[in-house]
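See below for the structure under consideration.
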Amino acid sequence: MDKAIQNSIIRFFLLWILQVFFLKQVYWGWGGEIYLQIHLYPLFILLLPLRTPRSLTIITAFILGLLVDWWYESPGMHAGALVFTAFMRAIVLRILTPREGYSIKSHPTKRSLGANWFFQYAASLLALHLFFYYSLEAFTFVYFKTILFKLVFSWVASMLVLLVSVYIFNPEA
């Protein structure tokens with residue numbers, strides 16, 4: 001089995017366990033509204049090898065999203081947001097293509113493409129993921145201000161946890 005596939009499978013289950021058993025307990029809000037939730041599970045989609053077919057990326061995003069939804073008791077919200085993130089991944093990768101292009105064996109990590117590129121990539125996809133998630137949660141743009149508050153608070157906390165975890169575990173594949 002290819003090392004990248006093996007690492008992706010391990011990362012899939014590790015991120016799912018972290019999200020549903022630990023990070024689900026971390027939230028903050030006021031006035032009966034939760035404004036901060038940490039979403040680390042999109043890191044799985046972010047770190048998939050660049051050669052991963054788009055259809056496989058979307059299918060695995062759907063499966064991971066459904067597994068998170070099952071524990072959060074949120075019917076399809078995480079699955080929908082993660083599928084959207086997986087779909088947007090190719091677009092964000094195309095926008096952030098380095099001048100010399102991607103190597104066929106490249107992985108979207110801070111080591112292979114640089115810390116600045118990885119931050120832009122992770123920040124963009126996580127912001128898109130959270131915006132879509134909170135838009136699904138509200139199911140209307142009448143609460144646009146609330147969606148933006150939730151997006152900003154959750155994005156800052158999630159990016160902090162994401163970057164700390166990437167720098168601690170230093171994923172290569």
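The values are calculated or read from the model by the stated rules, or taken from the named source; none is laboratory data. Computed from a prediction, not measured in an experiment: that's the story for all the values here. Here the Cβ positions follow ideal geometry from the backbone for every residue, glycine too, while neighbour counts run over all protein chains shown.
One line per residue, one yes/no per condition, for (1) in a helix (DSSP H, G or I); (2) under 12 Å from the mean Cα position of the chain (by Cα); (3) aliphatic (A, V, I, L, M):
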| site | (1), (2), (3) |
| --- | --- |
| Phe13 | yes, no, no |
| Leu18 | yes, no, yes |
| Thr52 | no, no, no |
| Ile59 | yes, no, yes |
| Trp70 | yes, no, no |
| Leu93 | yes, no, yes |
> Could we say that Thr109 is within 28 Å of Asp2 (Cβ to Cβ), β-branched (Val, Ile, Thr) and touching a Phe, Trp or Tyr at 6+ places or on another chain (Cβ under 8 Å) here?
Replying inline: yes
> Tyr72 fails exactly one of the following numbered conditions: (1) within 27 Å of Leu113 (Cβ to Cβ); (2) touching a His at 6+ places or on another chain (Cβ under 8 Å). What is the number of that condition?
Replying inline: (1)
> Quick one: which of Tyr121, Tyr143, Tyr102 is on the phi < 0 side of the Ramachandran plot and touching a helix residue (DSSP H, G or I) at 6+ places or on another chain (Cβ under 7 Å)?
Replying inline: Tyr121
> So which residues in the stretch 75-98 are at pLDDT below 95, in contact with a Leu (Cβ under 9 Å, 6 or more places away or on another chain) and among the small types (Gly, Ala, Ser), if there are any at all?
Replying inline: Gly76
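Within the stretch 116-145, take every residue that is under 12 Å from the mean Cα position of the chain (by Cα) and aromatic (Phe, Trp, Tyr) and give me the one that is surrounded by the most Cβ atoms within 10 Å (Cβ to Cβ). Quick ask: steps written out before the conclusion?
Residues of the stretch 116-145 that are under 12 Å from the mean Cα position of the chain (by Cα), as a first pass: 121-133.
Pick out the ones that are also aromatic (Phe, Trp, Tyr) and you get 121, 131-133.
Values: Tyr121: 20, Phe131: 18, Phe132: 20, Tyr133: 26.
Residue satisfying both the conditions and the ranking: Tyr133.
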>> For the stretch 28-44, which positions are in contact with a helix residue (DSSP H, G or I) (Cβ under 9 Å, 6 or more places away or on another chain), surrounded by fewer than 18 Cβ atoms within 10 Å (Cβ to Cβ) and either without any contact (Cβ under 8 Å) to a residue 60 or more places away in the chain or part of a helix (DSSP H, G or I) (or both)?
In response: Gly29
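Can you tell me how many residues in the stretch 107-136 are closer than 20 Å to Val152 by Cα and without any contact (Cβ under 8 Å) to a residue 40 or more places away in the chain? Please lay out each step first, then the result.
The initial filter retains those residues of the stretch 107-136 that are closer than 20 Å to Val152 by Cα, namely 118-136.
Next, from what is left, pick out any that are without any contact (Cβ under 8 Å) to a residue 40 or more places away in the chain: 120, 123-124, 127, 131, 134-135.
Total satisfying the criteria: 7.
Inspect the stretch 96-106 for any residue being out of contact with any Asp or Glu (no Cβ under 9 Å at 6 or more places or on another chain) and part of a helix (DSSP H, G or I) and give the result as yes or no.
Within the stretch 96-106, none of the residues are out of contact with any Asp or Glu (no Cβ under 9 Å at 6 or more places or on another chain) and part of a helix (DSSP H, G or I).
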> Which residue, of Leu47, Leu82, Leu113, is in contact with a Pro (Cβ under 6 Å, 6 or more places away or on another chain) and surrounded by 17 or more Cβ atoms within 10 Å (Cβ to Cβ)?
Replying inline: Leu47
